[in-house]
Amino acid sequence: VHAAALKRVPYGERHASEFYRTNSEGTLNVSHAAIERKVKHSLFISSDKAVAAATTYGRTKAVAESIWLGANTLGVSRGSAFAVVRGGNVWNSRGSVMQAWKESGMVSVTDAAATRFHLPMAEWTEFCLRALTEMRGGEVFVPKLRAWKLGDLADVAAGSAGTLPRLGLRSGEKKHESLIAQEEVARTVDAGWCYIVQPP
């Protein structure tokens, strides 16, 4: 399971070359190592930011997805298969909005109407393990998630603190994220427990 990534959006806008080296080039290196060692199943942890990417982080993850899925072409003769899981934010993980609120002692949002996908770590881990078990190679596994408004999350986190500062969207930040690109819809099937974007 390849989960290594630089992911903080503002840092990516300032340090694009480092994000490229880690997120894209690093993924290429891991895929080559998996093929060399004949790893049977390799899973890449991607992000909703890779869909219609608008930030350096999103673009480097989109390139990483392409690299990883393309590794099936080289890996098939060695019995190595590669698939992707593409999810939203892991609730209360390092760098997440909840952690930022705890660290700063202040609950603020960029745009209260903006929506994001969140899921708890235990559910994300279970989802990834199932994808790793059921993958054949070339798929993008997408969990069925409800989008949450940042303002609603902030209101619950703030409790009785009342009015929240509205900071405005950051550079390149989208108001609404997506988990499946419009161009992928025709290749997407409902597997019951998830959506699967099939290889072209």
Seminar exercise, completed: What the Cα atoms of segment 30-93 span along the principal axes, largest first and in whole Å, is 36, 23, 14
Seminar exercise, completed: At 37 °C and 0.692 mPa s, the Stokes-Einstein diffusion coefficient in µm²/s for segment 1-149, with hydrodynamic radius from the Kirkwood sum on alpha carbon pairs, is 204 µm²/s
Exercise. How much mean residue ellipticity at 222 nm does the chain get from its helices, if each DSSP H run of length 4 or more adds -39500 (n - 2.57) and you divide by all residues, to the nearest 500 deg cm²/dmol?
Worked result: -10500 deg cm²/dmol
For this session: For the chain, calculate the relative contact order in percent as a whole number, restricting contacts to Cα pairs under 8 Å that are 6 or more residues apart.
Result: 22 percent
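Kindly state, to the nearest 0.05, the FRET efficiency for GLU103 paired with LYS40, given R0 = 45 Å and r defined as their beta-carbon distance. Can you show the working numbers first?
Working: r = 40 Å, r/R0 = 0.89.
Calculated value: 0.65.
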Seminar exercise, completed: Looking only at lysines whose Cα falls under 23 Å of LYS49's and that sit 8 or more positions away or on another chain, we get LYS7, LYS61, LYS144, LYS149, LYS174, LYS175
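A short reminder: the numbers here are calculations on the coordinates, not readings from a lab. From a predicted model like this one, the values you see are computed outputs, not experimental measurements. Don't worry about glycine lacking a Cβ; one is built from the backbone with ideal geometry, like all the others, and counts go over all protein chains shown.
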